[in-house]
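Reviewing the structure listed below.
The values are calculated or read from the model by the stated rules, or taken from the named source; none is laboratory data. The shown structure was predicted, so the numbers you read here are calculated from the model rather than taken from an experiment. Glycine also receives a Cβ, built like all others from the backbone with ideal geometry; neighbour counts cover every protein chain displayed. Ligands, DNA and RNA are excluded from the accessible area calculation, which covers all protein heavy atoms including side chains. Shrake-Rupley method; radii C 1.70, N 1.55, O 1.52, S 1.80 Å.
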Amino acid sequence: MVKLVFLFLYILAIFISSSWPGNAISSCNGPCNSLNDCDGQLICIRGKCNDDPDVGTNTCKGRNSPSVPSSPTDSTPAQLTLNDFSKGGDGGGPSECDEKYHDNSERVVALSTRWYAKGSKCGKMIRIMANNGKSVTAKVVDQCDSINDGCANNVVDGSIAVWRALGLDTDKGRVPITWSMV
């Protein structure tokens, strides 16, 4: 009987810890606040876990999934990260769009995979708005690979010139912004 009580308590503890809100992993249309809240290859879109259109999963297909804009027309929230697009910089090889390196004085960006949209944004200008009220335009020259290289799927990876034009501290390395197509 004692073994049965301990077994019951053990199973109860597992159930409670896996369903506790702080540890929750949501499936299709489940609530989320960040990418870590969603199961598998699902991503957090407007507060609900859904398929990532760039990965091509169909886990949520037919479950009233919210539509996912891959090309923002209004201001879209994102994280601005810092990248050195010059030769020998932390950007690695030359930019995907033009196979060139870019000087730190150029206002250039790499977009997360879903926003890069298989290169359809190459050479296009975007407007980046910082929380301090400043904005700048920058040219899309590369992809920040959200599938193979660990880049989050909500990143605008900006050059030092972008950060300086926005009056941001490059030591922070990551700040919230909004962006839109020009």
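Rounded to the nearest 5, the antiparallel percentage of DSSP beta bridges internal to the range 108-164 is 60%. The fraction of Cα-Cα pairs per 10 angstrom bin, counted from 0 for the range 119-182, comes to 20, 55, 24, 1 percent, rounded to whole percents.
Counted over the range 76-181, the DSSP beta bridges are approximately 70% antiparallel.
A Förster radius of 25 Å combined with the Cβ-Cβ distance from Asn148 to Glu99 puts the calculated FRET efficiency at roughly 0.85. Among the listed pairs Lys124/Lys172; Lys118/Lys172; Lys118/Lys139; Lys139/Lys172; Lys48/Lys124, which have their C-alpha atoms separated by more than 24 angstrom in this model? Violating the 24 Å limit, Cα to Cα: Lys124/Lys172; Lys118/Lys172; Lys48/Lys124. For the range 76-181, the carbon plus sulfur part of the accessible surface works out to 44%, probe radius 1.4 Å.
Once C-alpha pairs closer than 8 Å and six or more residues apart are averaged by separation and normalised to the residue number of the range 76-181, the relative contact order reads 40 percent. Once a ≥ b ≥ c are taken as the square roots of the eigenvalues of the Cα gyration tensor of the range 76-181, is the result rounded (a/c under 1.5), prolate (a/b larger than b/c) or oblate (a/b not larger than b/c)? Rounded.
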